[in-house]
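Below is one structure, written out as structure tokens; comments come after it.
The values are calculated or read from the model by the stated rules, or taken from the named source; none is laboratory data. No experiment lies behind these values; they were computed from the predicted model shown. Reconstructed Cβ throughout: ideal geometry from the backbone, glycine too, with neighbour counts over all protein chains shown.
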Amino acid sequence: MIGRKLGMTQVLSEEGEQVPVTVILAGPCTVVQKHEAARDGYSAVQLGFGERKPQRVSKAYRMHCLRAGKGAFQVLTEFRTEETGELEVGSQLGPGALFKPGDKVDVSGVTKGRGYTGVVKRHGFDGFPASHGTHETFRHGGSIGNRSYPGRVFKGKRMAGQYGHTRVTTRNLRVVAVREDEHIVLVEGAVPGPSGGIVLVRKAVRE
């Protein structure tokens with residue numbers, strides 16, 4: 001299911017323990033398109049979430065969203081399913097139809113972008129000793145290779161570069177509560193991305 005990360009808070013469990021949770025606005029998601037194995041070679045359902053101004057999207061995108069009888073969606077995502085017989089174009093899905101307290105889920109999102117950063121912030125390097133004899137290289141990465149052999153820098157060398165803004169999946173998070181009337185799912189722990197970011201919530205692939 002497609003959702004939006006609203007932020008983090010804490011709740012009390014039945015045992016009186018304080019549990020940190022992420023609040024996710026999961027849905028309502030609208031079925032925009034269906035793919036059937038007999039016709040398309042695979043079975044899947046395309047869901048739409050959020051709203052966009054119709055004048056902000058192309059005509060092809062707007063007409064595609066109109067199949068579901070709605071306006072332009074902010075996000076369209078396709079999910080593979082074993083069968084789509086019960087789902088009809090235009091129907092809506094809430095979190096209660098897929099999740100219940102105690103379930104394990106995988107949450108995917110795009111992490112916060114931190115721009116071009118050095119090795120200390122990006123990889124946790126210690127830097128150079130901040131004592132006598134060190135000049136202008138307190139946060140540098142140091143040597144990156146030898147001379148004639150190997151004569152190059154190995155791929156994957158940890159260096160400065162773009163940090164963040166990558167797709168990350170956090171696995172096996174426990175669903176603490178589902179508030180169907182508010183389309184809210186409380187997930188134990190942190191999930192990738194900033195508050196307000198789009199996330200995908202799936203049942204855990206492996207536990």
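Filter the range 148-188 for residues that are of a type in the set (D, E, K, R) and either surrounded by 14 or more Cβ atoms within 10 Å (Cβ to Cβ) or over 11 Å from the mean Cα position of the chain (by Cα) (or both) and give the result.
Hits for the range 148-188 are Arg152, Lys155, Lys157, Arg158, Arg171, Arg174, Arg179, Glu180, Asp181, Glu182, Glu188.
Given the options Arg147, Arg158, Arg174, name the one that is over 23 Å from Leu25 (Cβ atoms), among the charged types (D, E, K, R) and in contact with a Gly (Cβ under 8 Å, 6 or more places away or on another chain).
Unique residue meeting the criteria: Arg158.
Which of (1) surrounded by 12 or more Cβ atoms within 10 Å (Cβ to Cβ); (2) outside any loop (DSSP other than H, G, I, E, B); (3) under 22 Å from the mean Cα position of the chain (by Cα); (4) of a type outside the set (Asp, Glu) is the odd one out, the single condition Val120 does not satisfy?
Here Val120 clears every test but (3).
When you check Val191 against the structure, is it touching a helix residue (DSSP H, G or I) at 6+ places or on another chain (Cβ under 9 Å), surrounded by 14 or more Cβ atoms within 10 Å (Cβ to Cβ), in contact (Cβ under 8 Å) with a residue 60 or more places away in the chain and under 26 Å from Glu51 (Cβ atoms), yes or no?
no
Taking Glu207 as meeting all but one of (1) modelled with pLDDT of 95 or more; (2) in a loop (DSSP other than H, G, I, E, B), write down the number of the exception.
Just one mismatch for Glu207, condition (1).
Within the range 43-68, work out how many residues are of a type in the set (S, T, N, Q) and surrounded by fewer than 13 Cβ atoms within 10 Å (Cβ to Cβ).
Selection size over the range 43-68: 2.
Search the range 1-16 for residues being out of contact with any Ser or Thr (no Cβ under 7 Å at 6 or more places or on another chain) and modelled with pLDDT of 90 or more, and hand back the single one that is nearest to Arg67 (Cα to Cα).
Gly3
Considering the range 171-186 alone, what residues qualify as being under 11 Å from Lys100 (Cα atoms) and at pLDDT 90 or above?
If the condition is that a residue be under 11 Å from Lys100 (Cα atoms) and at pLDDT 90 or above, then Arg174, Val175, Val176, Ala177, Val178, Arg179, Val185, Leu186 are the ones that fit.
Touching a helix residue (DSSP H, G or I) at 6+ places or on another chain (Cβ under 9 Å) and without any contact (Cβ under 8 Å) to a residue 60 or more places away in the chain: which single residue out of Gly141, Gly145, Gly113, Gly94 fits that description?
Gly141
For Gly164, state whether it is touching a Ser or Thr at 6+ places or on another chain (Cβ under 6 Å), in contact (Cβ under 8 Å) with a residue 24 or more places away in the chain and either at positive phi or of a type outside the set (S, T, N, Q) (or both).
Yes.
Going by the conditions given, is Gly102 assigned to a strand (DSSP E or B), within 23 Å of the chain's Cα centre (by Cα) and of a type in the set (Gly, Ala, Ser)?
Here the answer is no, as Gly102 does not meet what is asked.
What number goes with the only condition from (1) touching an Asp or Glu at 6+ places or on another chain (Cβ under 7 Å); (2) at pLDDT 90 or above that Ala60 does not pass?
(1)
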